[in-house]
1. What is the sum of charges around residue 429, taking Lys and Arg as +1, Asp and Glu as -1, for the other residues whose C-beta is under 11 Å from the C-beta of residue 429?
2. For region 79-84, just list the computed ³J(HN,Hα) in residue order, Karplus coefficients 6.51, -1.76 and 1.60, θ = phi - 60°, integers in Hz, with x standing in for Gly and Pro.
3. Given a 1.4 Å probe, how much area per residue of region 50-227 is accessible, in Å²?
4. Straight-line reach only, C-alpha to C-alpha below 24 angstrom: list the lysines that residue 439 could link to, leaving out same-chain residues fewer than 8 apart.
5. Grab the Cα-Cα distance for residue 348 and residue 168, subtract it from 0.36 nm times how many residues apart they are, and report the gain in nm with one decimal.
6. Would you mind counting up the charge near residue 110? Only other residues with Cβ under 12 Å from its Cβ, with Lys and Arg at +1 and Asp and Glu at -1.
7. Which of the listed residues, 313, 286, 398, is farthest toward the dipole's positive end in region 276-406, when Lys, Arg count +1 and Asp, Glu count -1 at the beta-carbon?
8. Can you tell me the dipole magnitude for the chain around its Cα centre, using point charges on the Cβ only (Lys, Arg +1; Asp, Glu -1), in Debye to the nearest 20?
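The values are calculated or read from the model by the stated rules, or taken from the named source; none is laboratory data. Every value quoted in this text rests on a predicted model; they were computed, and no experiment measured them. So basically every Cβ, Gly included, is an ideal-geometry build from the backbone, and we count neighbours across all protein chains shown. We work out accessible area using only protein heavy atoms, side chains counted, and drop any ligands, DNA or RNA first. Shrake-Rupley method; radii C 1.70, N 1.55, O 1.52, S 1.80 Å.
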Amino acid sequence: MDKVIKLDISKTLGFISQADINSKAALAKKCNEALHDGSGKGNDFLGWLNLPSSITDAQLKDIEDTAAALKAKCEVIVLVGIGGSYLGSRAVIDSLSNAFDWLQKDRKNPVILYAGNNIGEDYLVELLAYLKDKSFGIINISKSGTTTEPALAFRILKAELEKAVGKEEAKNRIVAITDAARGALYTLATKEGYKKYVIPDNVGGRYSVLTPVGLLPIALAGIDIRQLVAGAVYMEKETAPSVSFEKNIAEIYAVTRNELYKKGKKIEILANFNPKLHYIAEWWKQLYGESEGKENKGIFNAAVDFTADLHSMGQWIQEGERSIFETVVSVAQPNETLTVPTDEENLDGLNFLAGKRIDFVNKMAELGTQIAHVDGGVPNIKVELPKLDEYSIGQLLYFFEKACGISGYILGVNPFDQPGVEAYKKNMFALLDKPGFEKESEAIKKRL
């Protein structure tokens, strides 16, 4: 079986033409080259670009050794982070792990739980209750160490861990992934003696899944990070500017979605027919939304899980405002086999499916949905993974990252900053009377 992910844009033709796409080949190539020569906007955040091929065996071994040391001590690992500091990890872990492994008493790998991605008091209380009789460790991911959501969660979890095992042992169960030389978390980790990994200065959070930010938690989940990186290395080569436009799937995807945007398709829905891909979509939403939603421009990113959401969002997708297009992430071959049994009474009327694989039924649902949606005025792009394994997911991650950089440049924005994210933080700090925000606090309270 072919080990390469494939892109199919044939179901967008009729909404846009092949001539439209081909006419932007030179622009896509220019944008791709701008990424590589550093001549575009945000060129100080291009460390992800050649990251896969720059990862050394020594770096991977160090991460694997740290994971092994934590596994020996901890039955639960709490990953503290928000946005790109946890979404990439969770996307890979959920897509490649047994969905019910965390319930098994004889599991080989620690349960991975998540904190610092919300400010939910009930959630934190329930998490602490779960950890009460568990041997746990913490991976704290934060460039600065002062981002409110993870900083709050880490303060609480650190205190709980130190209470449970003592300060000396706690330092052996905490890993800090942070700045190379400065910031609150760097200072604390140095003072306390935590194992540290660096978030490279030139890699933004949403592009950081192939740094220790993602690789350490993924390794802890028992996933082969070497094959994950190998898949990304392959896609790094296949989407280089030297690859012709006709074969460069990152350039084709970037052009296609921008041509649809110009035709009034303002919303891109990432759909999947495999429940394990839910957090791949969550990661993708941040990657594209935070990269392109600027200067009153950009495609709005949404996601659905099919077939479940065909019974909810399906009606809107089929017959709502025609401002949408779909990108479907499809898996060619499942890892397991299950067939439909025969039932003598056949009260559910499903004996016509007896002997057929569940995946065959799912594939016909996928094909039937695609035909219906295209007939209903929804262009469809298809990204097909050979199977759900590390090599395929590594390809997928880098493909989406590379296409996002090219697409942002085609759109004319800086795909590597996120100035709008700061707006809510300033208001929140003012309302909380944070020191240094007295002027803003006085102004915002007058508006209430």
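1. Combined, the nearby Lys, Arg, Asp and Glu give -1.
2. Values per residue, Gly and Pro as x: 8, 9, x, 9, x, x Hz.
3. Normalised by residue count, the accessible surface of region 50-227 is 44 Å².
4. The reachable lysines, counting only those whose Cα sits under 24 Å from residue 439, are 425, 426.
5. Extra length available between residue 348 and residue 168 comes to 58.7 nm.
6. +4
7. Result: 398, furthest along the dipole toward the positive end.
8. 1180
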